[in-house]
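Let me begin by presenting the structure, written as structure tokens, before commenting on it.
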Amino acid sequence: MNTFTFSNIPNDTFSTWLLEGIKQTFSTRGYTFLTSTEEHSKLVFNFADSQRPVPFRRNSQGTFVVSIIQTDQYPKDIHKEAYPYLVRTLSNHLMYIVHSQKSIHLYFLTPEQGLYTITYGRNEPEAHFFQKVFDRLEPLASSQLIINNDFYENLPKSLWHGDEITNSLRRSGEKLAKMNLLPAPFPLEEVLSARDMRHLKKLYGIGGLSYGNLSARKGRETFWMSASGIDKANMRNIGQDILYISGYDPEKKAMKVSIPPNIKPKRASVDAIEHWMIYKEHPNVGAIVHIHAWMDGVQATQFNFPCGTIELAQTVADLVKQSTDPTRAVIGLKNHGLTITGRSLEDIFERIEGKVLPQVPML
């Protein structure tokens, strides 16, 4: 059952209007409103104070949190000014609301730095506005994360220090850095308390911000992949910087990761499920690169589902399948970036060099 609730509700006219509009729209479209935040809810709207933003402390990975920040100052740099609120409130999505005399501007931000804007004119029908809010959030809120890892100390000894494939991953990570395609907006420690960092790591295994990832096939359904939250320009250690993805457990909804013995592993990239689907479907795909950048003329997903969701993985895998040559596909992730397949990492970089646009267009 799809459920939703509100947290930290402020006592002002606009917030009450926004709350009632969201409540009516989601309720009439199959969602059940929960009066208490103590109950497990699928979707939580967290009203946050811009001076002291407080996170909603979810008890489950499956709870999708949309935090709401209000201001009457137009942002000069929306990502720089609003993105820290997304992180500080530990949210899956941020609604950054800017008030003016004639209209209201809603900026929707995602952890992947995606951006989408809705403008509400004072004379616009309310139902039309709230329908746009629903259409924006519902596909994301109803998506399912596949980000858990099961680690097995069964990596063959011959691979404890890597192989030629991991060497190619190292070189490719260095190339991404030279192309300025590994943006990291700021260390999480700059905007999160030690307590919030512990909570974030417990829920999602996140220890830092590091955009993009890359992988290369090893076997029929196995592959080497960059780990989550690492410096991809300096990948060295097997089981920490570079992981061996050995499969997927659909019952546990977890990626299988083989590691050397007696090592404290890093978690797999949240996009591991997407890479696994592509490798499984297309045996001639030898490598995959995901970057927060763009190229002209690419086909994009309809929704920018959150990273690590089965919906994003399946959507990208389907677009790869539909492409003229699945082994050399370039798929756009709406308001997010690119997933690029190749016969090898070298093949991918030869094709994209000089064609990559660092700014992702907001569609």
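The values are calculated or read from the model by the stated rules, or taken from the named source; none is laboratory data. Just so it is clear, the model here is predicted, and its values are computed rather than measured. Note that we place each Cβ from the backbone using ideal geometry, even for glycine, and neighbour counts take in every protein chain shown.
Show me the strands (runs of 3 or more DSSP E) found entirely inside the range 71-133 where at least 2 residues are modelled with pLDDT of 90 or more, farther than 15 Å from Ser50 by Cα and in contact with a His (Cβ under 7 Å, 6 or more places away or on another chain).
Details: elements: 93-99, 103-109, 115-121.
The qualifying strands (runs of 3 or more DSSP E) are 115-121.
Only one of these is of a type in the set (Val, Ile, Thr), within 16 Å of Asn213 (Cβ to Cβ) and touching a residue at least 24 places away in the same chain (Cβ under 8 Å): Ile263, Ile288. Name it.
Details: Ile263 fails: within 16 Å of Asn213 (Cβ to Cβ).
So the residue among Ile263, Ile288 that is of a type in the set (Val, Ile, Thr), within 16 Å of Asn213 (Cβ to Cβ) and touching a residue at least 24 places away in the same chain (Cβ under 8 Å) is Ile288.
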Cross-chain or 6+ apart pairs with Cβ under 8 Å, the range 122-146 first and surrounded by fewer than 13 Cβ atoms within 10 Å (Cβ to Cβ), then in a helix (DSSP H, G or I): Ala127/Thr25
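Restricting to the range 98-109, count the residues that are surrounded by 18 or more Cβ atoms within 10 Å (Cβ to Cβ) and not hydroxyl-bearing (Ser, Thr, Tyr).
Keep residues of the range 98-109 that are surrounded by 18 or more Cβ atoms within 10 Å (Cβ to Cβ), which gives 98, 104, 106-109.
Cutting the leftovers down to not hydroxyl-bearing (Ser, Thr, Tyr) gives us 98, 104, 106, 108-109.
Qualifying residue count for the region: 5.
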First in the range 302-313 and touching a residue at least 40 places away in the same chain (Cβ under 8 Å), second anywhere and assigned to a helix (DSSP H, G or I) and among the polar types (S, T, N, Q), Cβ under 9 Å, 6 or more apart: Phe303/Thr315; Phe305/Thr315
All positions within the range 254-290 that are under 23 Å from the mean Cα position of the chain (by Cα) and of a type in the set (Gly, Ala, Ser): Ala254, Ala268, Ser269, Ala272, Ala287
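For the range 335-363, what are the residues that are at negative phi, modelled with pLDDT of 85 or more and not aliphatic (A, V, I, L, M)? Let's see the steps before the verdict.
First pass over the range 335-363, keeping only residues at negative phi: 336, 338-353, 355-363.
Pick out the ones that are also modelled with pLDDT of 85 or more and you get 338-353, 355-357.
Hits for the range 335-363 are Thr339, Thr341, Gly342, Arg343, Ser344, Glu346, Asp347, Phe349, Glu350, Arg351, Glu353, Lys355.
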Residue within the range 334-352 that is in a loop (DSSP other than H, G, I, E, B), farther than 25 Å from Asn92 by Cα and touching a Leu at 6+ places or on another chain (Cβ under 8 Å) present: no
Given (1) without any contact (Cβ under 8 Å) to a residue 40 or more places away in the chain; (2) under 22 Å from Lys132 (Cα atoms), number of the condition Asn2 does not satisfy: (1)
Residue in the range 12-27 that is at pLDDT below 95, assigned by TED's automatic domain parsing to the domain that holds Ile104, in a loop (DSSP other than H, G, I, E, B) and surrounded by 20 or more Cβ atoms within 10 Å (Cβ to Cβ) present: no
